[in-house]
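The values are calculated or read from the model by the stated rules, or taken from the named source; none is laboratory data. These numbers were taken from a predicted model, which means no experiment stands behind them. Neighbour counts are summed over all protein chains in view; Cβ atoms, including those assigned to glycine, are modelled from backbone coordinates with ideal geometry.
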Amino acid sequence: MKKLLVLLTVTFLLSLSVPAFAAIGINVNGQDVYSDVPAQNIGDRVMVPVRLIAEIFGANVSWDEARQTVNIVWQPKQVISQQVQPQTYDDTDYEEEYAAAYEEELENARQYVIDMYESQRIVLQAQMDQEWKDYCKQYTKNSQTIPDKNSWSYRELQKEYDPYFKSLEVQRDAELNRIR
């Protein structure tokens, strides 16, 4: 009887220690993305494979064994958009229909440029946020206080990243003007 009670207790305790993971999907720009390493919800945070997400946004990912560090290198690229030229037709009866189709093509091209630059802005913001987290982690090792985003340090970090954000805006606006 004692062995049965011990066996039941051990089984119960082991069942409590095994977390139940529900499948978490990853969707980027409306497309489902699959990975050999599943996304997980740990401590109210969703953890996804960094290589998968970084490579989707065009970054190069490498592992530095000596420093035990993941290196992500992302360079914003100049976007070369296609010039959308109106098609010419001999039949004037369909002129309005073709004009509407042309406007739709232009709108699709504009939306593509906006979406692409927004994804680059999100990646750049994530880089800045990670740099801020790393700074806060280092700062709290030496001090009991945690710096906030109103601090001088954060404003300096923003100044450092502002040219990159502005460059993305200028490139996006130039591409949008070319499509008009």
Inter-residue pairs, beta-carbon under 6 Å, first within 24 Å of E175 (Cβ to Cβ) and in the stretch 94-109, second outside any helix (DSSP H, G or I), 6+ apart:
Y102/P86; E105/V84; L106/V84; A109/V84
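Would you confirm whether or not the stretch 116-127 contains a residue that is over 18 Å from Q75 (Cα atoms), at pLDDT 85 or above and either out of contact with any helix residue (DSSP H, G or I) (no Cβ under 9 Å at 6 or more places or on another chain) or not basic (K, R) (or both)? Step through it out loud before you land on a result.
From the stretch 116-127, those over 18 Å from Q75 (Cα atoms) are none; that's our starting set.
There is no residue in the stretch 116-127 that is over 18 Å from Q75 (Cα atoms), at pLDDT 85 or above and either out of contact with any helix residue (DSSP H, G or I) (no Cβ under 9 Å at 6 or more places or on another chain) or not basic (K, R) (or both).
Going through P38, P76, P49, P86 one at a time, which residue ends up being at pLDDT 80 or above and within 30 Å of V113 (Cα to Cα)? Don't jump to the end; show me each part of the working.
On the way: P38 fails: within 30 Å of V113 (Cα to Cα); P76 fails: at pLDDT 80 or above; P86 fails: at pLDDT 80 or above.
Only one candidate passes the filter, namely P49.
Looking only at the stretch 32-52, count how many residues are loosely packed, with under 12 Cβ neighbours inside 10 Å, within 19 Å of S62 (Cα to Cα) and out of contact with any Pro (no Cβ under 7 Å at 6 or more places or on another chain).
From the stretch 32-52, those loosely packed, with under 12 Cβ neighbours inside 10 Å are 32, 34, 36-37, 42-46; that's our starting set.
Filter once more, keeping what is within 19 Å of S62 (Cα to Cα): 36-37.
Restricting the remaining residues to those that are out of contact with any Pro (no Cβ under 7 Å at 6 or more places or on another chain) gives 36.
Qualifying residue count for the region: 1.
Applying the selection to the stretch 55-74, what residues are farther than 12 Å from Q127 by Cα, surrounded by 13 or more Cβ atoms within 10 Å (Cβ to Cβ) and either of a type in the set (F, W, Y) or touching a Lys or Arg at 6+ places or on another chain (Cβ under 9 Å) (or both)? If you could, list the steps in order and put the result at the bottom.
To start, the set of residues in the stretch 55-74 that are farther than 12 Å from Q127 by Cα comprises 55-58, 60-70.
In the following step, the residues that additionally are surrounded by 13 or more Cβ atoms within 10 Å (Cβ to Cβ) were identified as 55-58, 61.
F57, G58, V61 - these are the residues of the stretch 55-74 that are farther than 12 Å from Q127 by Cα, surrounded by 13 or more Cβ atoms within 10 Å (Cβ to Cβ) and either of a type in the set (F, W, Y) or touching a Lys or Arg at 6+ places or on another chain (Cβ under 9 Å) (or both).
Among the residues of the stretch 128-180, write down those that are assigned to a helix (DSSP H, G or I), of a type in the set (A, V, I, L, M) and free of Cβ contacts under 8 Å to residues at least 40 places away in the same chain. Before the answer, list the steps.
Of all residues in the stretch 128-180, those assigned to a helix (DSSP H, G or I) come to 128-142, 152-179.
The next check asks that each one be of a type in the set (A, V, I, L, M); those that pass are 128, 157, 168, 170, 174, 176, 179.
Matches in the stretch 128-180: M128, L157, V170, A174.
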